[in-house]
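First comes the structure, then the notes that go with it.
Bear in mind these aren't lab numbers, they're just calculated from the coordinates by the rules spelled out. Quick caveat: nothing in here was measured; it's all calculated off a predicted structure. Neighbour counts are summed over all protein chains in view; Cβ atoms, including those assigned to glycine, are modelled from backbone coordinates with ideal geometry.
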Amino acid sequence: MPVTPANSDILRFDRLYIGGEWVLPEEGGMIESIDPSTGAVWALVARAGRGDVDRAVAAARAALEGPWGTMPGHERAALMRRFADLYQARAGELAELEARDSGRAIREARADIGSHHNGYHWWASLADKASGRTIPFDNTVHAFTSRVPVGVVAAITPWNVPLMAAAWKLGPALAAGCTVVLKPAEQTPVGTLELGRLFEAAGFPPGVVNIVPGYGGGDVGEWLVAHPGVDKVAFTGEGGTARAIVNVGSQTMKRFTFELGGKSPHIIFDDADIDQALNAATNSAWTLCGQSCALGSRVLVQRSVYDRVVAGFRDCAARVRVGPACDANTHMGPQAHLAQLEKTVAYIGYGKEDGAELITGGERLSGGIHGNGYFVQPTVFAGVSNDMRIAQDEIFGPVAALIPFDDEDDAVRIANDTRYGLTAGLWTGDTGRAHRVAAKIRAGMVWVNTYRFIRWSTPYGGFGASGWGRENGVEALDSYLETKTTIISTHGRFPDAYAD
Ligand code: NDP
């Protein structure tokens, strides 16, 4: 629980969760966490140092080689289910922490975090299912495979959806029998640190999950990636960071999974239910203040309905209530931190410079309910061509780029003209077209007549610059397991090669 110092509204979370205990950081540092709705520090969070990373990795290794590593899968599942129940009971509180820390609108945070326990239950159901196979051979040997945990996992998460990103790593890692050292982003560490309370209350053996807030490059993140005691890095974030992680982590041949964002095409054909498509397209441009890798930030619209869709976006933008994250009335909160706000504002400038037509929005909001917070208006650009910077780069702000297209081939060509390949959506009334276009789009997940339907059971991850491997689904479980082949002689004899 946080400790509130006298005469201060700033909460203190002054301990790390290592080896099942709440410990002070060895170097004693604190991270200032800013409430992006106000621009002011709202929490001080324990900052791990190198010694703490060593302690956390050692605790994770000891748990792996001790109680957790020897625990039958059904017992691990029972602990995970207990954790899931505790998570459900505290979901409202966790949602408030995340809204405060990240600026995510509380109504979105409640809906999302209120469902995470289902994911943990689903992962628990897989904890005793990792089986191998028997390999047919002649009758001199019996050959079989078994699936064993990869080992100690460094889970490095981003600031946009810290609890969801943690769930997508903890769920499969624990189901596979791995142990975890979890490092949240420096901007939003609070909710993740509180997960330690739930693991403790659920009765997990010490060291199975360790939580070490700290900084990334040249600090806790990099030390974890370099650490010889870590076997795998599961990372969500930026492509440049992933390349740095590969460089450092490859020195010790770590396993990697990377979820690195996208620039998803959201295609609206003229035979679609346009009102439905507009609901989805506007929502998927502005949810999370545009800070989600799966958002349909490139809206591809057939020319015959282009003007109608542009007008629909403009009208909808006028209805979006931008305000403090913890206000239940708020549709869209602020950007999660100042650097992200500055990035978004810079890209709005690039959109204008590159010749796109600003239909609505484009300004930072301040004063009144927006105070010094990191708010920006929902923004719509029309007349966008796919080579513009606002169509090629992941902005991570509430900026919709509306790109016209002529026909099916044109739509597919534009959709695939990107270095990313995470998700895509298409709206059509023609089932044949739905299949044709979905098959041609290079993306890890394609939605037809819906958008951003993502569950723990549906594999999620990208082609190209969007990353390596998959989170969610049984595919994610695979990435936390090694295959081990055992061959046993059935006759017990090995010929002497040097007998004659
Ligand atoms: P980063 O990739 O820098 O941060 C993600 C996580 O990696 C954080 O926990 C960070 O720690 C950590 N980290 C940073 N450097 C290293 C390193 N060298 N070794 C190990 N860990 C490291 O993302 P940013 O916060 O800089 O966001 C920049 C852009 O990335 C966004 O604008 C967006 O476009 C994209 N992004 C994509 C996300 C997605 O969901 N795919 C999520 C977040 C960002 P610390 O916080 O201390 O830096």
Review point. Which is the longest stretch in the chain that no exposed loop site breaks, taking sites as chymotrypsin sites (Phe, Trp or Tyr not before Pro) with a DSSP loop state and at most 14 other Cβ atoms within 10 Å?
Key: 138-452
Study note, to complete from the structure: Per DSSP, the loop-located GluC sites (Glu not before Pro) within region 334-409 having at most 14 other beta carbons within 10 Å are Glu363
Practice item. Rounded, prolate or oblate: pick one for region 313-359, where a ≥ b ≥ c are the square roots of the eigenvalues of its C-alpha gyration tensor, a/c under 1.5 means rounded, and failing that, prolate if a/b is larger than b/c, else oblate. Key: oblate
Practice item. Measure up Lys129/Lys440; Lys129/Lys263; Lys263/Lys440 against 28 Å on the Cα-Cα distance and list the ones that go over. Key: Lys129/Lys440; Lys129/Lys263
Check your understanding: What FRET efficiency comes out for the pair Ile488/His74, r = Cβ-Cβ distance, R0 = 25 Å, nearest 0.05?
Key -> 0.45
Point to revise | 10 Å Cβ shell holding at most 15 others, DSSP loop, trypsin sites (Lys or Arg not before Pro): longest site-free stretch of the chain | key: 134-320
Practice item. Decide, for the chain, between rounded, prolate and oblate: order the square roots of the alpha carbon gyration tensor eigenvalues as a ≥ b ≥ c, take rounded if a/c falls under 1.5, and otherwise choose prolate if a/b is larger than b/c, else oblate. Key: oblate
Study note, to complete from the structure: Cross-link reach from Lys169 to aspartates and glutamates, straight Cα distance under 15 Å and at least 8 residues apart if same chain, gives Asp231, Glu259, Glu471, Glu475, Asp478
Check your understanding: Within straight cross-link reach of Lys343, meaning Cα distance under 14 Å, which aspartates and glutamates are found once same-chain residues fewer than 8 apart are removed?
Key -> Glu238, Glu363, Asp393, Glu394
Check your understanding: Val148 to Asp54: extension gain in nm, 0.36 nm per residue of separation minus the Cα-Cα distance?
Key -> 31.4 nm
Check your understanding: Once you put a point 7 Å from the Cα of Ala244 and another 7 Å from the Cα of Lys352, both along the Cβ direction, what distance in nm separates them?
Key -> 3.2 nm
Exercise for review: Quick one: grab the alpha carbon gyration tensor of region 265-448, order the square roots of its eigenvalues as a ≥ b ≥ c, and give me rounded if a/c is under 1.5, else prolate or oblate depending on whether a/b is larger than b/c.
Suggested key: prolate
Check your understanding: When only Cα pairs under 8 Å and 6 or more residues apart are kept, what is the percent relative contact order across region 23-83?
Key -> 25 percent
Practice item. Compute the relative contact order of the chain as a whole-number percentage, counting only Cα pairs closer than 8 Å that sit 6 or more residues apart in sequence. Key: 18 percent
Practice item. Using only alpha carbon pairs under 8 Å that are at least six residues apart, calculate the relative contact order of region 265-448 and give it in whole percent. Key: 27 percent
Revision key, fill the gap. For Val448, other-chain or 5+-apart residues with amide H closer than 5 Å (H placed, Pro excluded) are Leu426
